[in-house]
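Since the structure comes first, as structure tokens, the remarks are kept for the end.
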Amino acid sequence: MDDKKSCPDIEVLFELADLFKVFGDSTRLRVMVTLSDSELSVMEIAEALNMEQSTISHQLRVLRQNKLVRVRRDGKQMYYSLDDDHVKKIIEMGLDHILE
């Protein structure tokens, strides 16, 4: 990004910074990594992470608001998964960078 033409608009950069803030929480990262291979309920995520369901529900709400996680209803049960492959790729690229 050597010139001003190639630099995204300031509003886009603010949105990107906000996205990275969401990734800046280790609990949310743990939830996303847990969801990276399968769709799970709040109870299943809480059990996998040995955490309270209320904590998981709160983090899932933040992740949904930021379009990182989606929900599917099956009767009364709600199942969560990563919103798309971009989310998984961001996590994988971050891990690659850290483990390099």
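The values are calculated or read from the model by the stated rules, or taken from the named source; none is laboratory data. Note that the structure is predicted; figures quoted are calculated from it, not measured. All Cβ positions, even for glycine, are placed from backbone atoms using ideal geometry, and neighbour counts span all protein chains on display.
Whether a residue is at pLDDT 95 or above, touching a helix residue (DSSP H, G or I) at 6+ places or on another chain (Cβ under 8 Å) and not in a helix (DSSP H, G or I) was assessed, and SER81 passes this test. Here region 16-42 is the region considered, the condition is being touching a residue at least 24 places away in the same chain (Cβ under 8 Å) and of a type in the set (Asp, Glu), and the residue that is nearest to LEU82 (Cα to Cα) is GLU39. Scanning region 12-43 for residues that are part of a helix (DSSP H, G or I), more than 13 Å from the chain's Cα centre (by Cα) and buried (at least 17 other Cβ atoms within 10 Å of the Cβ) yields one hit, VAL42.
Can you pull out the residues in region 44-54 that are out of contact with any helix residue (DSSP H, G or I) (no Cβ under 7 Å at 6 or more places or on another chain) and surrounded by 13 or more Cβ atoms within 10 Å (Cβ to Cβ)? The answer is GLU44, GLU47, MET51.
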